[in-house]
Amino acid sequence: MGERGSRAVIWTLSASNFVIGMGAFVLIGLVTPMSDDLSLSAGRVGAAMTTYALAYAILSPLMVSATGALGRRRVLTIAMSIFAIGNLGTALAPSELMLHLSRVVAAAGAGMFTPVTSSVASALAPPEARGRALAAVVIGLTVAQVLGVPAGSFIGYTFGWRVGFAMVSALALPCLWLIWTRVPKGLDIPPASLRVLASTLMTGPVVLAILFTSTFLGAIYVLYTYLAPLLEQTMGFGRNGVTAALVVFGIGAVAGNIMGGRMSDALGPVRTLVILCVAQAIIAPAFSFLPVPGLWIFGLLGLWSLFGWSFMAGQQVRIIGLLPTAAPVILSLNAAAIYVGAATGSAIGAAVLHRFGIDALGIGVGIGALVALLHIGMSRWISGR
């Protein structure tokens, strides 16, 4: 496949990851209307995010490994279909139980989809451009922070939260067509299997390196899951203010994704990740001192997001380099680690919220970033690098 064809595949997968990201994270902007409609507390609605994250973490490596013998195009098509069905189920959920079950189905589809897109991008790109290729595929997830999550939030506040999830299912349909028509057959990618998964899980230094994703993102999700209630209570934001804040956060995420890919190629993945941990530890505690003037909060959100979402390309390059022959399985485990981090961070955020109040969330993120910095140092020491 030529350079132009490879680029078309990568951007097709990026567009599809946009829909995946929107379906995964739109709940964050809909906590308040969902709470009102289902007569649940914000913490119980936020628990649906935890359910999604845990289901993704458990199912992603198992499903990627179990479908390793199938063509990548077929796996991507099946995965996106499952994801669409799960989000439609959320839109129709009549109860808290059905809300959680539908999030499990959606997570199963997403857990198959995103790791395979990364393995395809890694296989198509030359080594010197691998960070940028992985960043290009993942940028769909971060663009969802700019457009998808705020749009879903606005629609949810205006027309009802169910319409927001139904919109995700509708957007999955053109993605299915693009995947089937753009992704070629017979891509040369090492096959995944349950045996390779078991072997990788027995390799302690690799697993420890992968779990850095959980530590770093877990710190972010201590606050991110409850960003809308934080801004409502401390800044007095309503629908428009929360939507604008999510847009700014998303712009920072896209810029960070691009910056992280370039930093990884230029500085190396480990140095990049250390810089990002330190930046998070410095920036995030400012959220514990709200309110601030309106423009300041948008600047703070953009800066926090920029350094928070720059880590993915460097982390993926780092872990693929540890065990290149098991790249699909490693990427699925890394994707699972994303949601372990999201689930853990959301749960810690709920505990901090209950015990210390909403003003303590920023300090919680800063402490978590320092733990992530310690984690990467320990991982390097144990692996002998």
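Some observations on this one:
- Residue within the stretch 337-357 that is under 18 Å from G204 (Cβ atoms), within 16 Å of the chain's Cα centre (by Cα) and either in contact (Cβ under 8 Å) with a residue 40 or more places away in the chain or open to solvent by 40 Å² or more (accessible area, probe 1.4 Å) (or both) present: yes
- Between L230, L208, the distinction of being within 20 Å of G29 (Cα to Cα), modelled with pLDDT of 85 or more and in a helix (DSSP H, G or I) belongs to L230 only.
- Single residue of the stretch 346-385 satisfying the filter (basic (K, R) and within 21 Å of Q316 (Cβ to Cβ)) that is modelled with the lowest pLDDT: R385
- Test for L201: is it open to solvent by 30 Å² or more (accessible area, probe 1.4 Å) and modelled with pLDDT under 90: yes
- When the helices (runs of 4 or more DSSP H) confined to the stretch 1-74 are screened for residues that are small (G, A, S), those reaching at least 2 such residues are found at 3-25, 42-66.
- Set L373, L303, L322: member being surrounded by 15 or more Cβ atoms within 10 Å (Cβ to Cβ), over 17 Å from the mean Cα position of the chain (by Cα), in contact (Cβ under 8 Å) with a residue 12 or more places away in the chain and within 30 Å of E232 (Cβ to Cβ): L303
The values are calculated or read from the model by the stated rules, or taken from the named source; none is laboratory data. Since we're looking at a predicted model, the values are computed, not measured. Every residue, glycine among them, receives a Cβ derived from its backbone with ideal geometry; neighbour counts consider all protein chains shown. Ligands, DNA and RNA are excluded from the accessible area calculation, which covers all protein heavy atoms including side chains. Shrake-Rupley method; radii C 1.70, N 1.55, O 1.52, S 1.80 Å.
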